[in-house]
2 protein chains.
Amino acid sequence: MVKVEIIGVEGFPIVEAGDDVASLILEAVRAQGLSIEEGDVIVVSHIIVSRAEGRTVDLRKVRPSKVAENIASFTKKDPRLVEVILRDSRAIRRMGPRLLITETRQGFVCANCGVDKSNVPGEDVVALLPEDPDASARRIKERICSLTGKEVAVIICDTHGRAHRMGEVNVAIGLHGLSAIRDRRGERDLFGYRLRVKQTAIADELASAAELVIGQADEGIPVAIIRGYHYPRSETSTAKDLVRPRERDLFL
Amino acid sequence: MVKVEIIGVEGFPIVEAGDDVASLILEAVRAQGLSIEEGDVIVVSHIIVSRAEGRTVDLRKVRPSKVAENIASFTKKDPRLVEVILRDSRAIRRMGPRLLITETRQGFVCANCGVDKSNVPGEDVVALLPEDPDASARRIKERICSLTGKEVAVIICDTHGRAHRMGEVNVAIGLHGLSAIRDRRGERDLFGYRLRVKQTAIADELASAAELVIGQADEGIPVAIIRGYHYPRSETSTAKDLVRPRERDLFL
C-alpha cells in the first residue's frame, strides 16, 4: 500500500536565539515516544528557525528612513515595519493600501518580505526570514543526521499568497537533502505515452502537506515529519530552484 | 498525536465514459482491504472524472478554425489541439512558442486550458477538464455518502504551473463537502497575538498532499484518501472560492 504519514511534532518549547533547532526537534520527537526514521522529510516552520537565529527585530529600536516613511504613508503600515521590510527586500513588486509585496533576497515574491508578527514573543517584535534558509536547512539536516545516524531531508517553510488563486499555501523557502523539483519528463503514463511537461515542485507539495498538521496556531505545532514519501535525494538542490526568474515568468 | 495519513487507492481499472467514479473508488478501496471513514477527504485526479464524463476528444475529428490555425502557427502546437483548447477557454492570458496559457471557463489560469494528452487511451485523443468540476465533486461526494453512510469531502485536482515559482503543483479545481479556504483571521497565535491575515487555501494544500501518492504515473494511482485532517465542513463552498479575480490580483 502506498501510504504517506504526516506527523505533528508537539510539545515544542518557546524557541530562543541561540537554540539548537535540530536538538529541540529530536527532544520533542522523543518525548512523543517517536523517533526519526531513514528517509523522513522534516518540515520546519521558518518562524522557529528565525527565532533561533536571532532574526527578530524590536521595532522600538528601528528608526525609519524617509523612504520607509513615504511608503508607510501610502501603504498605511507602521513606518518602522516598512523600514525592516525594505532592508530585507531586493525589489518592491506591488504596493497599495495595507499591501506591500516584495521580492526577498532569495527571490521569493511574498507579502511584507516574509516579515511576521505572529508567533513572536513581545509586543513590538517581528521576525524576519532566516538569513539564508537553504543554509539553515542544511545545518539542521546535517545535525539531525549526525545525532540520529539517519539520512533525512529538511524543508523550511512559510505561507505565501499567490497569483491567480485566493488564500495562502505553505511553500518551501529553504531545503536540503532532496531535490526541490521532481523532473518527470520522459517517464511514461498509464498508456505508454511519454510525459513531455511534468516538473513537479515536490518541495512545495511537501510543505503544503505539512501544513495540514502545522497550520494550527493554537496547538503550537512548528514541525511536521513526513514519512513514507520516496523523494529524489540531492546534495545540491536548494529552494532557489523554485524561484521562477521574472523575465521567464509566463504566468504573470 | 496529530497525524494525517495519505493513502493511495491502487488497482484502479481503466475508466471509460459512463463509469460511476464513486463506485469504482469504493470497489478499489475494498479490494485493498480498506474502507471509507467518516471525515475522509477523497482527492480524485481530474483525468478519471473527465474520462467517466466522456470529456475526451478525438483530434482526428476536429476541424480547426482559422483562429486556431493562426495561433497554432505562432505557438507551434497542433492546430486541432489549439481548436479544442480555445473552445474551452474564456480568455488567452499568454502565448508564445510551445506555450498557450488560458483562463478556463471556471476561471483557473493554466497551460492549455487543462487539456491533457497523458493518461488518455488512444493516439490522438485528449481529455478536457470536467464540464463543471464542482458539480462532479458534489455528485461523487453524495454517491459515496449514500453508499457508505459516511460523511466525506471530495476534491477534484489537476497540476498547474504557477507565477513566481518553478514547477507544477496539484491544486483543487472542484470540491464539495469542505470549505476551500480556512479563514483563520481572528484566531490567536502562541503568544495571544490575533492573526490578521491568514486565509489558508486548505483545498489546494490537500490536493498537493494527495499528489505525494497520486504523482506516480507508472503506478496508476488516480485517487488518494486523506485521513485525520479536521476540515471545516461546508455545503456551499466551491473551487471558485480559490479563483482570484484578475482585477484584484495583487500578486501579478
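Treat every Asp and Glu Cβ in chain B as -1 and every Lys and Arg Cβ as +1, leave all other atoms uncharged, and give the resulting dipole magnitude about the Cα centre to the nearest 20 debye.
On the way: 38 positive and 38 negative charges, 246 e Å.
Roughly 1180 debye for chain B.
At a Förster radius of 30 Å, what calculated FRET efficiency corresponds to the Cβ-Cβ distance of B:Arg248 and B:Ser65, to the nearest 0.05?
Given R0 = 30 Å and the Cβ-Cβ separation, E is 0.35.
Quick one, what does Rg over Rh come out to for region A:144-217 if you take C-alpha atoms and the Kirkwood Rh?
That ratio equals 1.08.
Can you give me the convex hull volume of the Cα atoms of region A:57-126, divided per residue and expressed in Å³? All intermediate terms of the calculation are to be shown ahead of the outcome.
Details: hull volume 5.7 nm³, N = 70.
Cα-based convex hull of region A:57-126, divided per residue, equals 81 Å³.
Quantify how much of the Cα-Cα distance distribution of the protein assembly as shown extends past 31 Å, in percent.
Values: 55614 of 126756 pairs.
Roughly 44 percent, once rounded to a whole number.
Run a plain Debye calculation on chain B (Cα atoms as equal point scatterers, no solvent) and give log10 I(q)/I(0) at q = 0.10, 0.17 Å⁻¹, rounded to two decimals, same order as the q list.
Results for chain B at q = 0.10, 0.17 Å⁻¹ read -0.51, -1.32.
With n ≥ 4 as the cut-off for DSSP H runs, can you work out [θ] at 222 nm for chain A, using -39500 (n - 2.57) per run divided by the number of residues, rounded to the nearest 500? Display every interim value, and only then the final one.
Working: 6 runs with 67 residues, N = 252.
After summing the helix terms and dividing by residue count, I get -8000 deg cm²/dmol.
Which distances, shortest first and in nm, link B:Lys76 to the matching position in the other copies, using label points set 7 Å out along Cα to C-beta?
Ordered by increasing distance: 4.9 nm.
On full extension of the chain, what length is gained from B:Glu123 through B:Arg98, given 0.36 nm per residue of separation minus the C-alpha to C-alpha distance? Each step should come with its number before you reach the end.
Working: separation 25, 0.36 × 25 = 9.00 nm, distance 1.99 nm.
Extending this stretch completely gives an extra 7.0 nm.
Which FRET efficiency, nearest 0.05, do A:Arg90 and A:Asp20 yield, Cβ-Cβ r, R0 30 Å? Write down the numbers at each step before the final one.
Numbers: r = 30 Å, r/R0 = 1.00.
Computed FRET efficiency for A:Arg90 and A:Asp20 comes out at 0.50.
Rank B:His176, B:Ile221, B:Ala72 by how far each Cα sits towards the positive end of the charge dipole of chain B (+1 on Lys, Arg Cβ; -1 on Asp, Glu Cβ) and give me just the farthest.
So the residue furthest toward the plus end is B:Ala72.
Measuring from a point 7 Å out along Cα→Cβ, what nm distances, shortest first, does B:Pro97 have to its partners in the other copies?
4.6
Suppose every K and R has +1 on its Cβ and every D and E has -1 on its Cβ; what is the size of the dipole of the protein assembly as shown about the Cα centre, in Debye to the nearest 20? Kindly include the intermediate steps, with their values, before the conclusion.
Values: 76 positive and 76 negative charges, 428 e Å.
Computed charge dipole of the protein assembly as shown: roughly 2060 debye.
Holding the Cα-Cα limit at 31 Å, pick out from A:Lys198/B:Lys61; A:Lys117/B:Lys3; B:Lys117/B:Lys198; A:Lys3/B:Lys61; A:Lys77/A:Lys198 the pairs that are longer than that.
Correct reply: B:Lys117/B:Lys198; A:Lys3/B:Lys61; A:Lys77/A:Lys198.
Could you rank the peptides A:158-164, A:169-175, B:68-74, B:58-64 by their average count of other C-beta atoms within 10 Å per residue, with the highest value first? List each step's numbers first, then the result.
Numbers: A:158-164: 22.3, A:169-175: 29.1, B:68-74: 16.3, B:58-64: 13.4.
In decreasing order of mean packing, A:158-164, A:169-175, B:68-74, B:58-64 become A:169-175, A:158-164, B:68-74, B:58-64.
Inter-copy label distances at A:Asp132, 7 Å along the Cα→beta-carbon direction, one decimal in nm, shortest first?
Going from nearest to farthest copy, the values are 5.5 nm.
Using R₀ = 22 Å, calculate the FRET efficiency as 1/(1 + (r/R₀)^6) where r is the Cβ-Cβ separation of A:His230 and A:Asp183; round to 0.05.
Working: r = 15 Å, r/R0 = 0.68.
So the FRET efficiency works out to roughly 0.90.
Determine the relative contact order of chain B: mean sequence separation of Cα pairs under 8 Å and six or more apart, normalised by residue count, in whole percent. Don't skip to the end; give the middle numbers.
On the way: 502 pairs, mean separation 64.1, N = 252.
Relative contact order, chain B: 25 percent.
Roughly how many debye, to the nearest 20, is the charge dipole of region B:57-126 about its Cα centre, given +1 on each Lys and Arg Cβ, -1 on each Asp and Glu Cβ, and no other charges?
Value, rounded to 20: 220 debye.
Every number in this text was worked out from the coordinates using simple rules, so none of it is lab data. Just so we're clear, the structure is a prediction, and the values are computed from it rather than from any experiment. Heads up, the Cβs are rebuilt from the backbone with ideal geometry, glycines too, and the neighbour counts pull from every protein chain shown.
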